[in-house]
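Novice: Below is one structure. I have some questions about it.
The values are calculated or read from the model by the stated rules, or taken from the named source; none is laboratory data. Since we're looking at a predicted model, the values are computed, not measured. With ideal geometry, Cβ positions are generated from the backbone for all residues, glycine too; neighbour counts draw on all protein chains shown.
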Amino acid sequence: MKRFTALLCAVLLLLPLSACGKAGTPKDTADSFFKAMQKLDFDAMNDCTTNEANVEWDLGASDYFSEETTQKMLGIFQSLAAKIEYQLGDAESDGTSATVPATVTYPDASAMVRDAMTDVMAGMIMTLFGEESETDVYTQLIDAVAEKVETETPAMKTADVVLPMTKTDDGWKISALSDDVINALSGNMGDAFAEAQSALVG
């Protein structure tokens, strides 16, 4: 199972937009997967993958966040995912396994996280001079990132990926997800959030 752990992630419960059924082709499965990714629909994404390739979003810092902050962070990822674009190439198959190439363009919001962290750290320094904040630093970070995502245009990044697939009793399933696919799903914020969390707790 592919686990994506960031400062804050949450499982989104949505009705599936599309299903990867028995009658589909490898390219159909890839198309359904990326459509689900654009809506951050994990149920639909995992319907297109084997158990080993399922995407699990881990609420890695759940003890630090209110429900309101959790939903705000979820909104950040939804906003970024909606900007994902993809083009599929021709599938190659031997009947039981297949590969589908794809070009994925996605927002790279890692710089926004790092900039927001700089702002928060500056605010923390101000507390040393008696200007104490009414909110904790984790909430401040999420608020700062949310504002940047809403008001700024993230850089776009393009990656060429290959989706390996296997034919199962339930149709064609993606058997592995590369780091590039996970980066597209997370707006390339995973490492930046990990750095921020380390700085805040360290």
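Novice: Pairs under 6 Å by beta carbon, first residue closer than 18 Å to residue 24 by Cα and in contact (Cβ under 8 Å) with a residue 12 or more places away in the chain in region 157-179, partner aromatic (Phe, Trp, Tyr) and surrounded by fewer than 22 Cβ atoms within 10 Å (Cβ to Cβ), six or more apart or different chains?
Specialist: From region 157-179, no pairs qualify.
Novice: Please name all residue pairs, on different chains or six or more residues apart, with Cβ atoms under 7 Å, provided the first residue is in region 32-43 and is aliphatic (A, V, I, L, M) and the second residue is in a loop (DSSP other than H, G, I, E, B) and surrounded by fewer than 23 Cβ atoms within 10 Å (Cβ to Cβ).
Specialist: If the second residue must be in a loop (DSSP other than H, G, I, E, B) and surrounded by fewer than 23 Cβ atoms within 10 Å (Cβ to Cβ), the pairs left are 36/17; 36/18; 37/84; 40/12.
Novice: List the residue pairs whose Cβ atoms are under 6 Å apart, where the first residue sits in region 182-202 and is part of a loop (DSSP other than H, G, I, E, B), the second is of a type in the set (A, V, I, L, M) and modelled with pLDDT of 80 or more, and the two are 6 or more positions apart or on different chains.
Specialist: 187/80; 187/109; 189/109; 189/113
Novice: Let me ask you something else. Please state which one of 160, 169 is loosely packed, with under 15 Cβ neighbours inside 10 Å and over 24 Å from residue 90 (Cβ atoms). Show your work before the answer.
Specialist: Values: 160 fails: over 24 Å from residue 90 (Cβ atoms).
Result: 169 is the single residue among 160, 169 that is loosely packed, with under 15 Cβ neighbours inside 10 Å and over 24 Å from residue 90 (Cβ atoms).
Novice: Restricted to region 74-105, and to residues that are of a type in the set (D, E, K, R) and under 21 Å from the mean Cα position of the chain (by Cα), which residue is surrounded by the most Cβ atoms within 10 Å (Cβ to Cβ)?
Specialist: Step by step, filter region 74-105, then rank; the result is 83.
Novice: Further, regarding this structure: Mind telling me which of the residues 192, 146 ends up being buried (at least 18 other Cβ atoms within 10 Å of the Cβ), in contact with a Lys or Arg (Cβ under 6 Å, 6 or more places away or on another chain) and at pLDDT below 90?
Specialist: 192
Novice: Only one of 112, 121 is on the phi < 0 side of the Ramachandran plot, modelled with pLDDT under 95 and more than 23 Å from the chain's Cα centre (by Cα). Can you tell me which?
Specialist: 121
Novice: What is the number of the single condition among (1) in a loop (DSSP other than H, G, I, E, B); (2) modelled with pLDDT under 85; (3) of a type outside the set (Ser, Thr, Tyr); (4) out of contact with any helix residue (DSSP H, G or I) (no Cβ under 8 Å at 6 or more places or on another chain) that residue 60 does not meet?
Specialist: For residue 60, the exception is condition (4).
Novice: Residues of region 66-84 being in a helix (DSSP H, G or I) and over 21 Å from residue 45 (Cα atoms), which ones?
Specialist: The answer is 67, 68, 69, 70, 72.
Novice: Something else: What pairs come out if I take residues in region 136-156 that are of a type in the set (D, E, K, R) and pair them with residues that are assigned to a loop (DSSP other than H, G, I, E, B) whose C-beta lies under 6 Å away, six or more apart or interchain?
Specialist: Once the first residue is of a type in the set (D, E, K, R) and sits in region 136-156, no partner that is assigned to a loop (DSSP other than H, G, I, E, B) comes close enough.
Novice: While we're on this one: Would you please name the residue that is modelled with the lowest pLDDT, looking only at residues in region 1-53 that are more than 17 Å from the chain's Cα centre (by Cα) and hydroxyl-bearing (Ser, Thr, Tyr)?
Specialist: My answer is 18.
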